[in-house]
Structure formats: C-alpha cells, structure tokens
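The values are calculated or read from the model by the stated rules, or taken from the named source; none is laboratory data. Being a predicted model, the structure only gives us computed values, none of them experimental. Positions of Cβ are backbone-derived with ideal geometry, glycine not excepted, and every protein chain shown enters the neighbour counts. Side chains are part of the model used for accessible areas, which takes the heavy atoms of the whole protein and leaves out ligands, DNA and RNA. Shrake-Rupley method; radii C 1.70, N 1.55, O 1.52, S 1.80 Å.
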Amino acid sequence: MRTKEGPPAACRKCGGEGVVFSSMGSTAEASICECSLHCRICRGAGHLIEKDAKGREIASICECAWLRTRARLYCGARVPGKFADARLDSRMKDTANAEAFNTLKLLAGEYRKGHKGILLVGPPGVGKTWLICAFIRELIFRHGVPMLFQDFFHLLSDLKAGYSMDKSESELIDPLVEVEVLVIDELGKGRNSPWEQNILDVIISQRYNLQKTTIFTSNFTESRATTMVERVRPRDIQSGEGDVEIKDTLKDRIGPRIHSRLQEMCHIVNLRGKDRREAAALGMGA
C-alpha cells in the first residue's frame, strides 16, 4: 500500500486527508477531494508494481484505491447527515466527555475483528451520538471496517415496514447480524413491547454467538438516579390528573436476558455533563 506522497497537507478543502465529508440529506457522505482525484504515484492504475528481495515483480494496492474503498464504506454506514463533521479530534475532547472519548479512541487504535464493543449511556444531549459517529469515521478510515449505524426507533420502523411487504425475517435481520460492526443508537427507545424486545434479542443473540463487535448508546442508565425520566399519560387517567413519571433503568427497558449479554459484549461508559444542544441554543457553544 502506498504510504508516502499523499494528498497535499496544505489542501484547504480536506486538510490533507484526501476525503471531503458532507451531508447529503439524511446521511453523511465521503467523497474523494479534488487534490486526490489524480494519484501521482500509480497514475490512476490503483496499484503499484514493485520488486521483492529476489527481484520478482509484485502488485500492491495503492493508497488511493484504499481511500476510495473506505469512502464507499463510510457512505454505506448510514451516518446521520448532521454528524458529517464528527471526528475524534483531541480539540473536541473536554472534561465531560474525556473518558468516553479516550475509550473510543483506544478501541479505534487497537481494533481487531470480534473486539469487545462499547455501550455509552447518559442523559439526552451530552454528545453520545456525536462521539459514536466520530468513532465510525475513525474506524473506517483507519482499518477499512464495514460498519452500519442504526437508530433503534428507525430500525424497528424499517423492520415493521419490511414485514408488511412480506419480506422474510432473514432478509431483514441478516444485514444487521452480518455486518462487522453494528452501531445501535438510542437503545431502549420505543414502546418497549414484547415484539420490540424479541427483535432486539434476535439481533443481539446472533451477534453475541458470532462474536461480532456491537456499539450502543442509550439514554437509559444502570441507576434510577441518573436514568432518563419519561412522562407519560396513562390511558385510564382520571380528569384533572397529570402525567406519570417513569424512571426505567436500561435493564428495565431491554430485559434481564439482553442486559446480561450486553454486560459481556460491551464496556459500559457513562457520559455526563450538561445538555450540549441546549448550551448551543443559548449561544454558549458545545
């Protein structure tokens, strides 16, 4: 693989990465920067012919071909468009997210197939999804790992739509089971129905048995003191009564069987801090 004479470091568009990230509607995309469209090493061939110690000619893949492959992997990962700029840059690390940032950075550096995953838990707005999307970018462009991002609520909606079109369960579930690294965002979001728990159990159990790396985020924590508070209006509510507060832990939301699997599949990292979205709306920055 080519390791020198890469994209010009002075390129203002890509900052020397050779790739430009942008939001294309609902998903983020990566495209080859203009500075890297015409490789100066392989002259567009995508490979190099080199000689080994015995003088034999050997073909090796040029870095420009790796870059194109990884850009395609990133586009196929379905990263939400609003997180197209997310990256594990040390300048984005602060006191509140340092533990999670360092854990993800370490996993990105040490990743091997079947590596133990991560479960990020914490209240809404503290930056869980942003960090996970930055991790996706890091892992794909460092190791060329096929990944898939799935919001849990949208995942359930897509499956319901697929079943209504008479698609088989294997047709719907297999892509989620087979991808090398699956990211499930907002685990536990939804109605918490038996059907939802069964779908989650099927996906996680199969990935567990295949020793696949799975990454999760959730607003529901291990403690009622820190978990997300939901306010719901019971169907049998009497006139004049207000909403009821529910403080489900993660175990309450996903059930003891799935929770037990997650204990073995993932490092659990708590992300604390103020609501960054609220701070940004008030003009206080992230």
Fill in the blank from the handout: Residue set Gly144, Gly190; condition among the small types (Gly, Ala, Ser), in contact with a Lys or Arg (Cβ under 7 Å, 6 or more places away or on another chain) and open to solvent by 20 Å² or more (accessible area, probe 1.4 Å); output residue Gly144
Practice task
Would you confirm whether any residue within the range 18-28 is surrounded by 14 or more Cβ atoms within 10 Å (Cβ to Cβ), outside any strand (DSSP E or B) and modelled with pLDDT under 85?
Solution key: no
Problem - Verdict on Ile237 being surrounded by 12 or more Cβ atoms within 10 Å (Cβ to Cβ), hydrophobic (A, V, I, L, M, F, W, C) and modelled with pLDDT under 85 - result: yes
Exercise for the section: Examine the range 85-98 for a residue that is more than 22 Å from Thr213 (Cα to Cα) and under 14 Å from the mean Cα position of the chain (by Cα), and state whether such a residue exists. Expected result: yes
Handout entry: Qualifying residue in the range 144-162 (condition: farther than 30 Å from Asn198 by Cβ and either without any contact (Cβ under 8 Å) to a residue 12 or more places away in the chain or assigned to a helix (DSSP H, G or I) (or both))
Key = no
Problem - Ile173 being of a type in the set (Val, Ile, Thr), over 20 Å from Thr27 (Cα atoms) and surrounded by 13 or more Cβ atoms within 10 Å (Cβ to Cβ) - result: yes
Practice task
Considering only residues that are open to solvent by 10 Å² or more (accessible area, probe 1.4 Å) and in a helix (DSSP H, G or I), look in the range 123-132 and name the one that is nearest to Arg224 (Cα to Cα).
Solution key: Lys128
Handout entry: the range 63-88: number of residues that are in a helix (DSSP H, G or I) and farther than 14 Å from Phe149 by Cα
Key = 10
Practice task
Report the residue count in the range 99-122 for those that are surrounded by 14 or more Cβ atoms within 10 Å (Cβ to Cβ), among the small types (Gly, Ala, Ser), in a helix (DSSP H, G or I) and over 13 Å from the mean Cα position of the chain (by Cα).
Solution key: 1
Handout entry: Check on Phe135, within 17 Å of Cys266 (Cα to Cα), among the aromatic types (Phe, Trp, Tyr) and in a strand (DSSP E or B)
Key = no
Practice task
Six or more apart or on different chains, Cβ under 8 Å: which pairs go from a residue in the range 87-114 that's farther than 20 Å from Lys274 by Cβ to one that's open to solvent by 90 Å² or more (accessible area, probe 1.4 Å)? Could you list them?
Solution key: Ala108/Arg142; Gly109/Arg142; Tyr111/Arg142; Gly114/Gln211
Practice task
Any residue in the range 179-194 that's touching a residue at least 12 places away in the same chain (Cβ under 8 Å): show its pairings with residues that are open to solvent by 40 Å² or more (accessible area, probe 1.4 Å) and not in a loop (DSSP other than H, G, I, E, B) at Cβ separation under 6 Å, as long as the two are six or more apart or on different chains.
Solution key: Lys189/Phe153; Gly190/Phe153
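Conditions tested, residue by residue: (1) open to solvent by 90 Å² or more (accessible area, probe 1.4 Å); (2) at pLDDT below 70; (3) in contact with a Phe, Trp or Tyr (Cβ under 9 Å, 6 or more places away or on another chain).
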position	(1), (2), (3)
His47	no, yes, no
Arg56	yes, no, no
Glu63	no, no, no
Leu67	no, no, yes
Handout entry: Inter-residue pairs, beta-carbon under 7 Å, first open to solvent by 80 Å² or more (accessible area, probe 1.4 Å) and in the range 263-277, second assigned to a loop (DSSP other than H, G, I, E, B), 6+ apart
Key = His267/Lys116; Arg272/Ala96; Arg272/Gly122; Arg272/Val126; Arg277/Gly125
